[in-house]
Amino acid sequence: MADAILETSDLTVRFGGHVAVDHVSCAFRAGELTAIVGPNGAGKTTYFNLISGQIRASAGRVFLNRHEITRMPVAERTHRGIGRAFQLTNLFPNLTVLENVRLVIQAQRHRGFRLFSMADSDSAISDAAAAVLKRVRLDALAAQKVSELSHGNQRKLEVALLIALDPLVYMFDEPTAGMSVDDAPVVLDLIAELKADSRRAILLVEHKMDVIRSLADRIVVLHNGALAADGPPAEVMASDVVQEAYLGRDLADV
Amino acid sequence: MLTRLISGDRPRSIVLTIILLAILIGLALAPFLFPGIRSLETAARICIFIVLVASYDLMLGYGGIVSFAHTMFFGMGAYGVALASVHMGRGFDALIVGTLAGAVAAAVLALLIGLFSLRVRAIFFAMITLAVASAVAVLVSQLSSLTGGEDGLNYQIPRALTPAFKFADGRLFDVSLNGKLLNYYLVFFSALILFLLLLRIVNSPFGRVLQAIRENDFRAEAIGYRVVYYRTAATCISAAVAAIAGSLFAIWLRYVGPDTTLSFEIMIDILLMVVIGGMGTMYGAVIGAAVFIIAQNYLQELMAVAASATAKVPVLPLFFDPDRWLLWLGVLFVLSVYFFPTGIVGRLRQGR
Ligand SMILES: Nc1ncnc2c1ncn2[C@@H]1O[C@H](COP(=O)(O)OP(=O)(O)O)[C@@H](O)[C@H]1O
Ligand SMILES: [Mg+2]
């Protein structure tokens, strides 16, 4: 099996007395889509925050391509290949759709400290941004202000920002939450497309069983912040932990 | 060409374009259109405050950074020129050295304050700037052997910039061609260049990052921008430009003192000008500074006229007493902020 791109070892965070993520050791490989499941409050988002750096770990370590990134600033991790999308839509609301994507590409190409050129005249960046918008089918809305978009389109843009970032590790946190049945498949198809690229690892927090069945190569179960199960989908779904925790129910109901 | 000059940042409103052009032409031809010492003083002050307010807008309107130290940076440029002129003697070299020293010192101090406090939280930065600015103001009034204390400093500037210097015989449109005229155009063109420079910066890749940070600093960091570095850089640029505006002010006035450069009242004036003009627009600085300074300088006259016109009516003259001008200024501001929460520029752009 290929080397792990991303690895956490004994990763732990405490909020006061509450252990939100509890000694989680897990490795993620290129070309693999890992579904991370668990009831609300299990610590999935917090685990993501530890990996992408929004929260500092109380203990344990995070490695990206075997380099330790546990204490690295968020932006630095992003430049090294961590791509994080957020559970709650987290965009630049008063800027246009195109500008949101442009900013990501500009960041990735280290152009942010150019003071005396005109942002709009960098056609390489604008073209790359337009191409990403086409891919997520938002090209018709490029000039719209983000705050004027529907929730579904904002979720698509959230995915677009990640695609524009072109990271080594994609981290999606409930990407289809609150999306209509028409919009959700667009996002899921995009994630399936990303999966075809065998150089990247994808982490996906998702509740819907059918989505997990069709996309996941592997399931990791978090329970009360701890790793409860880890393995191929069929195996994990049949396991005692999952049967006990979600007995007979769809994960979405939990 | 013209579009490049304004960095592709069109006013996006016909009325706004007309107002901006009127201000530009008014300032460019001020010595000829509005002869008289007083109106030239007003015009020069408007030029300088446009730069000062625009540099503040870079921080507040684009970067979302609240600072109370802007007059301190302004003062550093002014005292730079004053001290250089006092110690090096009158001359253009003193003006250049003083201006550069002031701008560099302001940028370095901004860097220190920024790196020290912007890491934590934006509100902490605001408090630190307030503390540092107050400390500097006290220091300046205490170190009277160096700074002249409360009295400030008088000094000489190159003769070529003073009224005593006549660079051509006779008069042009009844305006005498002296050094004061040259001094005004030094101020005018410096201000114009600095403003266009700021306009370029806010439309550069860097300017876009600042807007992203203002909108959502959390996400800006997540897509790969070190927010603290960008905020600090914006603060440094803003401080340096404010200092240069201060240098121009010192060259124009031939005097610096705590009241004209460092006082907290000026800080409040800057805030009002940004808000009235419209934050995050750059052009707001032009309109805010022009409206505010004209009101500040001419409201009293206007009221005297109103008072004598209503002299026969009971009570009313009391309200129009010229001594009440500050009250009316206050009322004007409250009304303008109430009716134009996005500033005059924001309002004009909406009404398109
Ligand atoms: N910043 C925080 N401070 C305190 N408690 C937190 C914080 N973030 C998350 N938690 C707690 O950690 C637990 C895990 O939350 P979260 O990771 O959001 O769960 P999930 O994403 O699996 O639904 C919850 O009990 C939550 O209340
Ligand atoms: Mg969550």
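Here are some notes:
- Residue match in region B:13-31 (condition: touching a strand residue (DSSP E or B) at 6+ places or on another chain (Cβ under 6 Å) and either among the charged types (D, E, K, R) or at pLDDT below 95 (or both)): yes
- Flag if residue A:167 is in contact with a Ser or Thr (Cβ under 8 Å, 6 or more places away or on another chain) and within 30 Å of residue A:6 (Cα to Cα): yes
- Taken together, B:13, B:39, B:55 contain a single residue that is of a type in the set (Ser, Thr, Tyr), farther than 18 Å from residue B:190 by Cα and touching a residue at least 12 places away in the same chain (Cβ under 8 Å), which is B:13.
- The listed residue being surrounded by fewer than 20 Cβ atoms within 10 Å (Cβ to Cβ) and either within 16 Å of ligand 1 (Cβ to nearest atom) or at pLDDT 95 or above (or both), out of A:92, A:113, A:86, A:63: A:63
- With respect to (1) more than 16 Å from ligand 2 (Cβ to nearest atom); (2) on the phi > 0 side of the Ramachandran plot, the lone exception for residue A:41 is condition (1).
- For the residues B:66, B:138, the requirement of being in a helix (DSSP H, G or I) and surrounded by fewer than 22 Cβ atoms within 10 Å (Cβ to Cβ) singles out B:138.
- Condition met for residue A:143 (among the small types (Gly, Ala, Ser), more than 16 Å from ligand 1 (Cβ to nearest atom) and without any contact (Cβ under 8 Å) to a residue 24 or more places away in the chain): no
- Residue check: residue B:133 meets all listed conditions (1) part of a strand (DSSP E or B); (2) surrounded by 14 or more Cβ atoms within 10 Å (Cβ to Cβ) but one, namely (1).
- Test set (1) farther than 20 Å from residue A:164 by Cα; (2) touching a residue at least 12 places away in the same chain (Cβ under 8 Å) - residue A:68 fails condition number: (2)
- Residue that is surrounded by the fewest Cβ atoms within 10 Å (Cβ to Cβ) [pool: residues in region A:175-219 that are within 16 Å of ligand 1 (Cβ to nearest atom) and within 21 Å of residue A:30 (Cα to Cα)]: A:212
- Condition check for residue A:73: more than 16 Å from ligand 2 (Cβ to nearest atom), surrounded by fewer than 23 Cβ atoms within 10 Å (Cβ to Cβ), within 14 Å of chain B (Cβ to nearest Cβ) and touching a residue at least 24 places away in the same chain (Cβ under 8 Å): no
- For region B:171-218, filtered to residues that are more than 10 Å from chain A (Cβ to nearest Cβ), touching a helix residue (DSSP H, G or I) at 6+ places or on another chain (Cβ under 7 Å) and without any contact (Cβ under 8 Å) to a residue 40 or more places away in the chain, the residue that is surrounded by the fewest Cβ atoms within 10 Å (Cβ to Cβ) is B:182.
- Condition broken by residue A:55, with the remaining ones in (1) within 16 Å of ligand 2 (Cβ to nearest atom); (2) under 21 Å from residue A:198 (Cα atoms); (3) more than 10 Å from chain B (Cβ to nearest Cβ) satisfied: (2)
- Scanning region A:1-56 for residues that are within 15 Å of ligand 1 (Cβ to nearest atom), part of a loop (DSSP other than H, G, I, E, B) and not polar (S, T, N, Q) yields A:16, A:17, A:38, A:39, A:41, A:42, A:43, A:53, A:55, A:56.
- Some residue of region A:129-144 being of a type in the set (D, E, K, R) and within 21 Å of residue B:213 (Cα to Cα): no
- The requirement of being within 14 Å of chain A (Cβ to nearest Cβ) and charged (D, E, K, R) is satisfied by residue B:221.
- Subset of region B:320-338 (residues that are surrounded by 13 or more Cβ atoms within 10 Å (Cβ to Cβ) and either basic (Lys, Arg) or closer than 13 Å to residue B:299 by Cβ (or both)): B:320, B:321, B:322, B:324, B:325, B:328, B:329, B:332, B:333
- Selection count, region B:6-22, where residues are surrounded by 14 or more Cβ atoms within 10 Å (Cβ to Cβ), in a helix (DSSP H, G or I) and among the aliphatic types (A, V, I, L, M): 4
- Residue within region A:33-50 that is surrounded by fewer than 21 Cβ atoms within 10 Å (Cβ to Cβ) and in contact with a helix residue (DSSP H, G or I) (Cβ under 8 Å, 6 or more places away or on another chain) present: yes
- Here residue A:18 meets the list (1) at pLDDT below 95; (2) away from ligand 2 (no atom under 16 Å from the Cβ); (3) farther than 19 Å from residue A:220 by Cα; (4) more than 14 Å from every other protein chain (Cβ to nearest Cβ) almost entirely, failing just condition (2).
The values are calculated or read from the model by the stated rules, or taken from the named source; none is laboratory data. Note that the structure is predicted; figures quoted are calculated from it, not measured. Every residue, glycine as well, gets a Cβ built from its backbone with ideal geometry; the counts of neighbours run over all protein chains shown.
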